[in-house]
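The values are calculated or read from the model by the stated rules, or taken from the named source; none is laboratory data. Keep in mind that what you see is a predicted model, and the values were worked out from it rather than measured. These accessible areas exclude ligands, DNA and RNA; they are computed on the full protein's heavy atoms, side chains included. Shrake-Rupley method; radii C 1.70, N 1.55, O 1.52, S 1.80 Å.
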Amino acid sequence: MSAAEVLDRLLAGEMRAALGSVLIGREIIVHDQTGSTNDAILQIATPNSREGLVLFAERQTAGRGQRGNRWESAAAKGLWFSILLRPRIEINRSPLLTAWAAETISEAIEKEFSLQTTIKLPNDVQIDARKVAGVLVEMRAHEKAPYSAIVGIGININQALEDFPKELQSRAISLAVALGRQVDRQNFAIALLRDLDRSYRERFG
């Protein structure tokens with residue numbers, strides 16, 4: 001990581017302390033790099049792991065979107081993370097989790113930055129008809145244990161337009177591009193996790 005990226009690192013201990021008593025964010029891990037945060041959280045979770053674990057990566061080398069699409073995950077420029085959940089819903093109702101996450105992200109962006117967002121079904125959050133965030137939910141069944149739901153979230157935060165591949169520059173946007181200024185990733189991560197925790201408890205608790 002460059003010196004600038006090190007200075008802008010996400011700090012798991014500070015995020016955990018700021019969140020206080022929560023379900024989502026009760027344990028937070030930050031990796032410098034991983035293939036996919038969904039895969040990384042599955043590697044460390046067991047069928048008996050408590051829900052609410054959040055794993056961030058400063059960079060993903062194999063981030064995934066819907067239908068196997070690649071998610072571009074520039075180092076230290078976005079929020080790339082996955083949440084381990086055990087919702088009390090039928091396993092075939094995972095679209096409810098996708099909708100919950102997309103709606104909460106959309107509302108958090110509007111609340112924190114006064115930006116107007118829209119949701120492009122099933123899993124994208126957009127600003128000015130360009131993708132700023134996406135959600136990928138993957139379900140795992142276990143013998144003699146509740147199933148796991150892995151909610152993967154990617155949000156473009158501080159990319160400049162040239163940070164996106166040329167073929168995506170007309171279809172992708174970051175909060176920094178929309179606002180005309182850089183965003184404190186750590187502060188937004190804390191605010192978003194707090195909102196995700198509250199809305200998850202309300203909807204699935």
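Observations on the model:
- Projected-area mean, the chain, by convex hull of Cα positions, square nanometres: 10.9
- Seen from a random direction on average, the alpha-carbon convex hull of the stretch 22-140 projects onto 7.7 square nanometres.
- Accessible area of the stretch 127-185 divided out per residue, in Å², using a probe of 1.4 angstrom: 47
- The chain: DSSP helices with Cα axial extent of at least 24 Å and average Kyte-Doolittle hydropathy no lower than 0.0: 95-113
- Karplus-based coupling profile of the stretch 122-131, in residue order and whole Hz: x, 9, 10, 10, 10, 10, 6, 6, 10, 6, with θ = phi - 60° in 6.51 cos²θ - 1.76 cosθ + 1.60 and x standing for Gly or Pro.
- For the chain, the number of Lys pairs separated by eight or more positions or lying on different chains, with C-alpha atoms closer than 25 Å, is 9.
- Here, the stretch 96-205 has an Rg and a Dmax of 15.0, 51 Å when only alpha carbons are counted.
- The chain, helix-only ellipticity at 222 nm - DSSP H runs n ≥ 4, -39,500 (n - 2.57), divided by all residues, nearest 500: -9500 deg cm²/dmol
- Computed extension gain for Asn187 through Phe204, at 0.36 nm per residue and net of the alpha carbon distance, reaches 3.6 nm.
- Shape annotation for the stretch 151-191: C-alpha extents along the principal axes are 32, 28, 12 Å, from largest to smallest.
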